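The values are calculated or read from the model by the stated rules, or taken from the named source; none is laboratory data. Not measured: the values here are computed from a predicted model. Using ideal geometry, Cβ is built from the backbone for each residue, glycine included, and neighbour counts are taken over all protein chains shown. These accessible areas exclude ligands, DNA and RNA; they are computed on the full protein's heavy atoms, side chains included. Shrake-Rupley method; radii C 1.70, N 1.55, O 1.52, S 1.80 Å.
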Number of protein chains: 2
Amino acid sequence: MSKQELVVLGQDAESGTCRPGLVAAPLDDGQAAELAGLFKALGDPVRLRLLSMIASRAGGEVCVCDLTPAFELSQPTISHHLKLLRQAGLIDCERRGTWVYYWALPATLDRLADFLRTSSTSGAGA
Amino acid sequence: MSKQELVVLGQDAESGTCRPGLVAAPLDDGQAAELAGLFKALGDPVRLRLLSMIASRAGGEVCVCDLTPAFELSQPTISHHLKLLRQAGLIDCERRGTWVYYWALPATLDRLADFLRTSSTSGAGA
DNA sequence: GGCTTGCATTGACGTCTATCGATTCAACCT
DNA sequence: AGGTTGAATCGATAGACGTCAATGCAAGCC
């Protein structure tokens, strides 16, 4: 399942090569800029809470009407943060009647997790 | 030198502390603020390049004098970014004679990686 | 001592960003 | 059609952030 629109950031079409990871080799400018954009999207408490609320949802989808009242922020502000998360490729959304539903894009999250991991899941764990 | 604020990796605390991960449960305010601070430190291309240059170093240590000339930025700017990375608990440093050496703190990186991973050990071949 | 090098700190400046109120757009409902 | 609700967009504003030149500080060297 989950054949959503995973067409987010160019995985490694022509520039990214093979996603070396943080400890493997120094980043070039392009990789650093792209990854920094992703981390910047995560670098806000409100967006992090929004993303966790979306990603931890059992059904995989959350209505904006369930997200907005969880914060003491105005509706435009929440909408703004959701837009940034979507532009970063961390979530996607779809309008269904009156309501808009958001879901997480695990590919992007796992990509960042792989990038940050120092011990590459090979023997000698911990 | 003065004591910096390396109090980032609070592994105990009282709020959950299970490090549930992004998809496990919604974050509370405290966790979101703490993690957002870490991601914010990663949300800059220069800092990401600096961190990768430090973390990918074989010996584990890098002299500032090797980092600064790799950027077309002033020396104070590089020093500023290194300070932010250190305050976030991502790196640490030590003065050795005239030079200052930096190294990465893998614990913080792995913590973030664990937090972001959506599929725990789900070998998905690319 | 005085000089030089390496790095951190300070102060200032321009830009980016988070937030809001007001407005607009989309869909539903009489 | 008009009215209502849910969500995105627009403009404006206060604060945060990245960057630099100038300065300070520590360590080595003459």
Counting only protein heavy atoms and leaving out ligands, DNA and RNA, the solvent-accessible surface of residue B:64 at a 1.4 Å probe, in Å² to the nearest 10, equals 40 Å²
With every protein chain in place, the accessible area of residue A:53 for a 1.4 Å probe, in Å² rounded to the nearest 10, comes to 40 Å²
Toy charge model, Lys and Arg Cβ at +1, Asp and Glu Cβ at -1: region B:42-90 dipole around Cα centroid in debye, rounded to 20, equals 140 debye
Output row for residue B:29: copy-to-copy label distances, label 7 Å along Cα→C-beta, ascending, in nanometres, one decimal, is 4.2
So, with points 7 Å from each Cα along the Cβ direction, the residue B:98-residue B:63 label distance in nm works out to 0.9 nm
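In peptide B:102-113, how many Cβ atoms from other protein chains are near each Cβ within 10 Å, on average?
Taking all residues of B:102-113 together, the mean is 4.
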Sequence order, region B:84-99: Karplus ³J(HN,Hα) from phi using 6.51 cos²θ - 1.76 cosθ + 1.60, θ = phi - 60°, Hz rounded, Gly and Pro as x, gives 5, 5, 6, 5, 7, x, 8, 9, 9, 9, 8, 7, 10, x, 7, 9
Given unit charges at Cβ for Lys, Arg (+) and Asp, Glu (-), the dipole magnitude of region B:31-126 about its Cα centre in debye, nearest 20, is 80 debye
Checked region A:73-116 with the C-alpha gyration tensor, a ≥ b ≥ c its square-rooted eigenvalues, rounded below a/c of 1.5, otherwise prolate if a/b is larger than b/c and oblate if not; verdict oblate
